[in-house]
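In what follows, a single structure is set out as structure tokens and then discussed.
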Amino acid sequence: MFEKPYHAVDISKYSFLVTGGSGFIGANIVDYLMKYNAGKVRVLDNLSTGFKKNIEAYLSSPSFEFFEEDICNLDVCRKACKDIDFVIHHSAIGSIVRSIEDPIYSNNVNINGTLNMLLASKEANVKRFIYATSSSVFGNSATLPITENEIRKPISPYAITKVANELYADVFSNIYGMEIIGLRYFNIFGPKQNAKSSYSAVIPLFIDAMINNQPIIIYGDGEQERDFTFVENAVQANMKALFTENKKALNEVFNIAVNQKTSVIQLFKTLKNISGYSLDPIFKDKRLGDIRKSYADISKAKLLLDYNPKIHIEEGLKITYDCFIQNL
């Protein structure tokens, strides 16, 4: 991955804090920063959903630091932001299902933790704060593809926490003059995504089941549509957001996707062809909080961030499947 850089500046001059940096998307961002010789990469992660193995290759590097601590502690956030130029905030409890089961926990981490990070970043005078938000803020949008201006109608506690993050980011940018950019992810997938949790996303669950010749469960009729987005595209968006010189991009939120709709049953068939899996899926009742159709208009990110997704779903699925096989 990352055969060509997505930045044009010398990042060896800068220090980066990646919260949630041992998790799926965060660890891929860390891989990129380390590959292209960032001056310092600091990860803040309590390993509640991430894995140390995702960053293990860098633990002995003099340009890498790992803080195994919690963003829910403001003093920890202040310590982590010390001498940092750029914050890339990806710590979160990311499961809709988990948020329905335990909304207090999701609220504490996703809202209070993000507020801690914003405050600590403000106090540390960081140059720019990039944060992850989610397509779930839109709920069941009546208009497709979804633009950033679509009215937010969250239908899960998780989605509410992401709306709150966006509102806090807007306030901190307007009141304190911080440079903040939000990235609204649409169903990111790829290497280092966890397949072993009951809260895992659909693609790693499908791949893991296919590798182990286990039955696959599809909730609902399988016609739910998503804009599945390979993780390298998300990494590109982060790098473009970190270093854009376009002032119109600041204090904005961008859809990060590929503008391609794929149903869950299409996803199953594509992975079946890649893997040689022979079983038929088992259909069960749809889950609470599950959005029916979601895919993105990405013209704003293309225009203001020069974002241009390079890897579409079939190639991304093949790369992801091969990585899962290699890591057996």
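Taken together, the values in this text are just the output of simple stated rules run on the coordinates, not laboratory data. Given the structure is predicted, the values throughout are model-derived calculations rather than measurements. In this analysis, Cβ positions are derived from the backbone assuming ideal geometry, glycine residues included, and neighbour counts consider all displayed protein chains.
Table for the structure above
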{"item": "All positions within segment 128-152 that are of a type outside the set (A, V, I, L, M, F, W, C) and free of Cβ contacts under 8 Å to residues at least 60 places away in the same chain", "result": "Y131, S134, T143, N149, E150, R152"}
{"item": "Total residues in segment 133-162, condition of a type in the set (V, I, T) and surrounded by 19 or more Cβ atoms within 10 Å (Cβ to Cβ)", "result": "5"}
{"item": "Test set (1) assigned to a loop (DSSP other than H, G, I, E, B); (2) of a type outside the set (A, V, I, L, M); (3) surrounded by 15 or more Cβ atoms within 10 Å (Cβ to Cβ); (4) touching a residue at least 60 places away in the same chain (Cβ under 8 Å) - D221 fails condition number", "result": "(3)"}
{"item": "Residue that is out of contact with any His (no Cβ under 7 Å at 6 or more places or on another chain), more than 13 Å from F186 (Cβ to Cβ), touching a residue at least 60 places away in the same chain (Cβ under 8 Å) and among the basic types (K, R), where the choices are K261, K272", "result": "K272"}
{"item": "Residues of segment 17-37 classified as crowded, with 24+ Cβ neighbours inside 10 Å and either of a type in the set (A, V, I, L, M) or assigned to a strand (DSSP E or B) (or both), total", "result": "8"}
{"item": "Checking G190 against (1) surrounded by fewer than 19 Cβ atoms within 10 Å (Cβ to Cβ); (2) under 30 Å from I282 (Cα atoms); (3) touching a residue at least 60 places away in the same chain (Cβ under 8 Å), the condition it does not meet", "result": "(1)"}
{"item": "Residue match in segment 74-96 (condition: under 26 Å from M178 (Cα atoms), surrounded by fewer than 17 Cβ atoms within 10 Å (Cβ to Cβ) and hydrophobic (A, V, I, L, M, F, W, C))", "result": "yes"}
{"item": "V235 being in contact with a helix residue (DSSP H, G or I) (Cβ under 8 Å, 6 or more places away or on another chain), crowded, with 21+ Cβ neighbours inside 10 Å and in a loop (DSSP other than H, G, I, E, B)", "result": "no"}
{"item": "Hey, P215 buried (at least 21 other Cβ atoms within 10 Å of the Cβ) and either among the hydrophobic types (A, V, I, L, M, F, W, C) or farther than 18 Å from T262 by Cα (or both) or not", "result": "no"}
{"item": "1 or more residues under 17 Å from V253 (Cβ atoms) and polar (S, T, N, Q): qualifying helices (runs of 4 or more DSSP H) within segment 61-176", "result": "113-124, 157-176"}
{"item": "Check on E245, touching a strand residue (DSSP E or B) at 6+ places or on another chain (Cβ under 7 Å) and assigned to a loop (DSSP other than H, G, I, E, B)", "result": "no"}
{"item": "Residue count, segment 297-323 (criterion: outside any helix (DSSP H, G or I) and farther than 17 Å from V235 by Cβ)", "result": "1"}
{"item": "Check on K196, under 22 Å from V258 (Cα atoms), of a type in the set (K, R) and assigned to a loop (DSSP other than H, G, I, E, B)", "result": "no"}
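To keep it simple, each residue is scored yes or no on (1) closer than 23 Å to M1 by Cα; (2) of a type in the set (F, W, Y); (3) in contact (Cβ under 8 Å) with a residue 40 or more places away in the chain.
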residue	(1), (2), (3)
I29	yes, no, yes
L33	yes, no, no
A38	yes, no, no
V41	yes, no, no
K52	yes, no, no
S63	yes, no, no
C72	no, no, yes
C77	no, no, yes
